[in-house]
Structure formats: C-alpha cells, structure tokens
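Asker: Dumping the structure here so I can ask a few things about it.
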Amino acid sequence: MHLDPLAILTAFGLIFLAELPDKTMFASLAMGTRMRPLYVWFGTSTAFLAHVAIAVGAGSLLGLLPGWSVKLASALMFGFGAYMLLRGGGDDDEADEGGRTVTGFWPVFSTAFMAVFISEWGDLTQITTANLAATNGTWSTAIGSLAALMSVSALALVAGRFIAKRVPLKTVQRIGGVCMAALAIWSLTEVFTG
C-alpha cells in the first residue's frame, strides 16, 4: 500500500468542493437540527465509507445502475424526511431540550445512513472518486475522499446545531422539512431530466 500525499490532498480538495453545494450536505444540516448531531454524523460517515469503498473498488460498475431508479429512491427518502420533519409534534415548550429532539442511536444512525447511502448513488462525488482512484491510486483517493465527505457532513451538523440553539424548534423543523421537500422535488426532477 503506497500513500501519495499529493493524491490525498487532490482527492480531498476536489471532493470537498464538489460536496459543499450538494443535497447531502443540506440533508445532514436538516437532520442535525432535529436529531443528535453525533449520531447523524456516524450514520452519514458510515454511508460515505460504503460509497467510497464502492467507488474505488468497483467504480466502473456504477454506470450499470439505472440512474432514474437511484434518483427516484433518493426522492422518496428525502420526501420521507420532509414528512417526518413537517409532521411536527409537540409544543414550543419542548424546545428546552437544547433545540433538538433526542432519539436513540440506532434510529438516528439508520435514518442518516439510508438517506445518504441512497442519495449518493451515482453522485458527482462518487463518480469523481472512482475516476481519481483509477489515476491517482486507490488508497490515497479513498483516504482523501472519505476525509472530505466526513468533513462536509461535520460542517453541516455544526451549522445545524448552531441554528437549532438560536431558532425555536418548530421553526427549525418547518425549515428543515421544506428543505427536505425541496431536495425530494430536486431529486424527482432529475429522474425526468437526467
């Protein structure tokens, strides 16, 4: 196993910049305002780990998946997330829990994992990771890509926590729900335009 620091930095830089405006970052931000951020981060990071492994190990197989079905599944997951956030629940008095709903590790982990795992199939960052692995080395690309994806998720969760501490929970839920609904519509639109 040979690690090339330049290849690691290249993968980190490209993937970090590509993931910043990505819908997964906004989904992480929305989940982080409603759920325990550390649990969300573990879920998103595990999904990113799986995608990086898939991208560097079998990047050429991604083209075999029908793009419309991946985007449709992503739209459904974001729609479910929007429903969960918009259905609300509770009074403003419940906002005393630090601006977030505290739930168990496994429900939060699995929700975050599935939302990211499904929505990242065939994503620009996964394709970029596969391409970089082919030219810059598997391990260097995997390390740089995974570090970038996990960093963007952490950045989104820190921003989500900051927002949740300063904005009433109901407002955060509504905004998060609208964002998730917008992501569902965006993904659904990609089914018909992509």
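Asker: Compute the distance in nm between two label points, each set 7 Å from the Cα along the Cα-to-Cβ direction, one at Leu124 and one at Ser69.
Answerer: Roughly 2.6 nm, to one decimal.
Asker: Let me ask something else. What number comes out for accessible area per residue over the range 1-46 if the probe is 1.4 Å? Units Å², please.
Answerer: Each residue of the range 1-46 exposes 47 Å² on average to a 1.4 Å probe.
Asker: For Arg166 and Ser110, compute 0.36 nm times the residue count separating them, minus their Cα-Cα distance, and round to one decimal in nm.
Answerer: Net length gain for the segment: 17.4 nm.
Asker: Now for a separate question. With labels modelled as points extended 7 Å from the Cα through the Cβ direction, what inter-label distance (nm, one decimal) is found for Asp4 paired with Thr135?
Answerer: Output for this residue pair reads 1.0 nm.
Asker: I want to check the label-to-label distance for Thr193 and Ile175. Put each point 7 Å from Cα in the C-beta direction and report it in nm to one decimal.
Answerer: 2.5 nm
The values are calculated or read from the model by the stated rules, or taken from the named source; none is laboratory data. Since the model is a prediction, treat every value here as computed from it, not as a measurement. Backbone-built Cβ (ideal geometry, glycine too); neighbour counts: all protein chains shown. Surface areas here come from the heavy atoms of the whole protein model, side chains and all, with no ligands, DNA or RNA. Shrake-Rupley method; radii C 1.70, N 1.55, O 1.52, S 1.80 Å.
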